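First the structure, in the form of structure tokens, and then the observations on it.
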Amino acid sequence: MSMRRMSAALALPALVLLAGCQAASAPAAVTAQQALLARGEYLVRIAGCNDCHTPGYPERAGDVPKQDWLVGAPLGHVGPWGTTYATNLRLKLAGMDEATWMQYSVRLHTRPPMPDFNLRAMDAADRRAIFRFIRALGPAGQAAPAYLPPGQMPAPPYLQLVLPPASPAAP
């Protein structure tokens with residue numbers, strides 16, 4: 001057998017093996033992406049994001065189709081800080097790339113009742129999973145109503161939070 005035929009004979013099995021290796025690695029990448037999205041969905045569920053950012057979620061015991069999740073809510077939260085509304089996260093994150101979200105989410109300081117401290121306490125992998133999940137849902141819905149400063153009462157619906165008086169300072 002000539003050297004040229006021997007090289008060709010060896011090259012064909014090598015190419016087949018390489019093609020097989022590449023095909024095997026593609027499903028692993030898809031599986032990693034699916035795992036990241038599943039982690040994001042899990043975190044959105046257990047962190048209570050839907051409780052405020054998905055209309056009707058608490059009232060329906062979480063029985064809201066995923067396509068209706070995280071579109072913000074018209075329910076105002078009135079307190080000494082003014083009136084806040086749960087942001088439409090699907091529109092908010094549609095306007096950000098991942099790097100911007102990672103910086104934004106670790107520095108987030110909002111008005112009550114948003115527990116921004118919980119988001120800041122999450123590690124980068126969890127914040128990334130939330131971002132990827134919300135982005136995978138795609139943009140939907142309308143922007144939430146704008147913040148109202150203290151003293152301006154919103155149109156219904158709203159929850160008014162009456163806080164106890166501040167404790168006197170210790171001597």
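The values are calculated or read from the model by the stated rules, or taken from the named source; none is laboratory data. Quantities reported herein were computed from a predicted structural model and do not represent experimental measurements. Neighbour counts run over all protein chains shown; Cβ positions are idealised from the backbone, glycine included. Surface accessibility is based on the protein's heavy atoms, side chains included, excluding ligands, DNA and RNA. Shrake-Rupley method; radii C 1.70, N 1.55, O 1.52, S 1.80 Å.
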Original post:
Name the pairs whose Cβ atoms lie under 6 Å apart, with the first residue in the range 151-171 and surrounded by 10 or more Cβ atoms within 10 Å (Cβ to Cβ), the second not in a loop (DSSP other than H, G, I, E, B), and 6 or more positions between them or separate chains?
Top reply: Pro154/Gly76; Pro154/Thr83; Pro154/Leu148; Tyr158/Gly76; Tyr158/Val78; Leu159/His77; Gln160/Val78; Leu161/Gly79
Original post:
Out of Thr110, Thr83, Thr87, which single residue is open to solvent by less than 70 Å² (accessible area, probe 1.4 Å) and touching an Asp or Glu at 6+ places or on another chain (Cβ under 8 Å)?
Top reply: Thr110
**OP:** Within the range 137-149, identify whether any single residue is open to solvent by 70 Å² or more (accessible area, probe 1.4 Å), touching a residue at least 24 places away in the same chain (Cβ under 8 Å) and over 19 Å from Pro55 (Cβ atoms), and answer yes or no.
**Re:** no
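Kindly indicate the residue of the range 43-67 that is touching a residue at least 24 places away in the same chain (Cβ under 8 Å) and surrounded by fewer than 21 Cβ atoms within 10 Å (Cβ to Cβ) and also nearest to Leu159 (Cα to Cα) among those meeting that condition.
Looking at residues that are touching a residue at least 24 places away in the same chain (Cβ under 8 Å) and surrounded by fewer than 21 Cβ atoms within 10 Å (Cβ to Cβ), I get Gly48.
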